[in-house]
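The values are calculated or read from the model by the stated rules, or taken from the named source; none is laboratory data. In this text, all values refer to a predicted model and were calculated from it rather than measured experimentally. Don't worry about glycine lacking a Cβ; one is built from the backbone with ideal geometry, like all the others, and counts go over all protein chains shown.
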Amino acid sequence: MSTSARVAIVGFGRFGRLHALALVQAGANIAAIVDPRPDVLESASKAYPDTPVFPDVTLLLASTEVDAAVVASSELTHFPIALELIAAGVPLLVEKPVAATAAEAQQILNEAREGDVYIQSGFILRYEPRHLMLHEAVASGRLGELQLMRAKRDVSRSWFHAYGHTVNPILETSIHDIDLALWLFASPPTFVQAWGTNSLGYEIPESVTVLIEFGSGGQAFVTSSWLRTDRDVPNILSWELESSQEDSGGVIAGDLEVLGSQGTSRLATYSDSFSLSTDSVTAYPDTAFWPVIGGRVWGALAAEAVDFHQAVIGGKTLGVASMEDAVIGQRVAEAAIRSLASGLKEQL
């Protein structure tokens with residue numbers, strides 16, 4: 001294969017566009033764009049005029065050769081799309097969650113293994129420098145035996161009303177910190193218990209707390225609440241690449257603390273060290289994960305794109321992506337949701 005992989009973007013919404021931009025920066029060629037929405041395909045053709053567009057993966061595979069694909073479509077479509085691409089031998093990066101259920105995620109992994117097809121999941125904390133440094137410190141034993149992890153991830157209440165009430169926060173936000181716990185503890189999870197609150201009138205809870213116990217004896221507490229007010233200073237200025245509206249932002253506030261038998265670590269997942277203020281708004285723009293500056297994607301998403309492209313062309317990777325952990329994380333999340341309903345601890 002050449003040093004520039006031909007990559008298809010499946011799902012050209014917000015994250016599909018970000019992935020496309022990051023992959024071009026990484027040296028890939030966007031060889032096809034797939035999306036069932038005609039208006040989105042029209043927009044994609046304007047952004048990438050030399051790239052063919054298709055309404056579904058079947059037409060893509062019948063018409064164009066690709067070396068890899070990024071699946072950034074809606075969550076419920078990941079399973080059939082991934083299986084079709086794996087059957088065609090196409091290496092994949094699948095956004096989180098990999099599938100709607102753990103059983104589907106396991107089947108995706110099994111099919112990829114049987115077909116010897118490379119696949120990774122889109123957990124970008126594994127590509128953010130502070131989290132990479134923390135993992136290195138834990139894995140090297142500098143903090144001793146990892147005993148406790150506390151992770152908090154809070155989100156704007158207005159976003160819960162807009163879309164968050166359709167997906168359990170355990171799958172939407174806490175899944176990132178569940179994956180982080182699996183990565184850091186490197187030990188099989190044994191028990192899960194979860195609690196939640198419903199104060200906004202939806203069936204889905206707006207706040208959740210998940211306790212994960214590991215075979216090593218360590219514990220992880222993962223919390224997420226979608227109750228941050230509109231008065232909180234935004235750090236996500238816009239979900240849209242092309243938007244310049246100062247009032248289009250919101251908040252994702254996160255903190256992480258780990259405690260080992262010989263040391264500790266703490267980091268602010270989203271930092272307030274950089275601020276921008278005008279007469280109408282003050283914001284703390286995120287610079288760690290997917291900031292778009294000067295028409296380029298920076299941060300962890302850009303690093304993930306480089307790593308995926310290197311994996312596809314046979315280059316050197318960081319070795320941090322784990323589809324196996326993605327499947328286990330899905331099992332943990334499903335057990336936590338069952339615990340929410342029953343009030344009981346779930347054994348894994």
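Some observations on this one:
- Within the span defined as region 148-163, every residue fails to be more than 30 Å from Trp195 (Cβ to Cβ), in contact with a Ser or Thr (Cβ under 9 Å, 6 or more places away or on another chain) and surrounded by 20 or more Cβ atoms within 10 Å (Cβ to Cβ).
- Residue satisfying condition, being closer than 24 Å to Ala220 by Cα and not assigned by TED's automatic domain parsing to the domain that holds Asp255, within set Pro55, Pro80, Pro97, Pro49: Pro97
- Of all residues in region 25-76, those satisfying the criterion of being surrounded by 17 or more Cβ atoms within 10 Å (Cβ to Cβ) and β-branched (Val, Ile, Thr) are Ile30, Ile33, Val34, Val40, Thr51, Val53, Val57, Val66, Val70, Val71.
- Search result, residues across region 142-162 that are more than 19 Å from Gly217 (Cβ to Cβ), small (Gly, Ala, Ser) and either not in a helix (DSSP H, G or I) or not assigned by TED's automatic domain parsing to the domain that holds Ser225 (or both): Ser156
- All positions within region 302-338 that are in contact with a helix residue (DSSP H, G or I) (Cβ under 7 Å, 6 or more places away or on another chain) and more than 25 Å from Arg130 (Cα to Cα): Arg331, Glu334, Ala336, Ile337
- Which listed residue is under 30 Å from Ala69 (Cβ atoms) and modelled with pLDDT of 95 or more, from Gly314, Gly294: Gly314
- Hits in region 86-107 (condition: free of Cβ contacts under 8 Å to residues at least 40 places away in the same chain, aliphatic (A, V, I, L, M) and more than 15 Å from Ser74 (Cα to Cα)): Ile86, Ala87, Ala88, Leu92, Ala103
- Flag if Ala139 is assigned by TED's automatic domain parsing to the domain that holds Ala268, of a type in the set (Gly, Ala, Ser) and out of contact with any strand residue (DSSP E or B) (no Cβ under 7 Å at 6 or more places or on another chain): yes
- Every residue from region 119-130 that is closer than 21 Å to Gln310 by Cβ and surrounded by fewer than 17 Cβ atoms within 10 Å (Cβ to Cβ): Pro129
- Complete set of residues in region 51-76 that are within 21 Å of Val312 (Cα to Cα) and of a type in the set (D, E, K, R): Glu65, Asp67
- Against the list (1) buried (at least 19 other Cβ atoms within 10 Å of the Cβ); (2) assigned to a strand (DSSP E or B); (3) among the charged types (D, E, K, R), the condition Arg266 fails is (1).
- Residue within region 272-285 that is in contact with a His (Cβ under 9 Å, 6 or more places away or on another chain), of a type in the set (Val, Ile, Thr) and under 29 Å from Ala47 (Cβ atoms) present: no
- Residue match in region 12-20 (condition: in contact (Cβ under 8 Å) with a residue 24 or more places away in the chain, among the charged types (D, E, K, R), in contact with a Lys or Arg (Cβ under 6 Å, 6 or more places away or on another chain) and in the same structural domain as Pro97 (by TED's automatic domain parsing)): no
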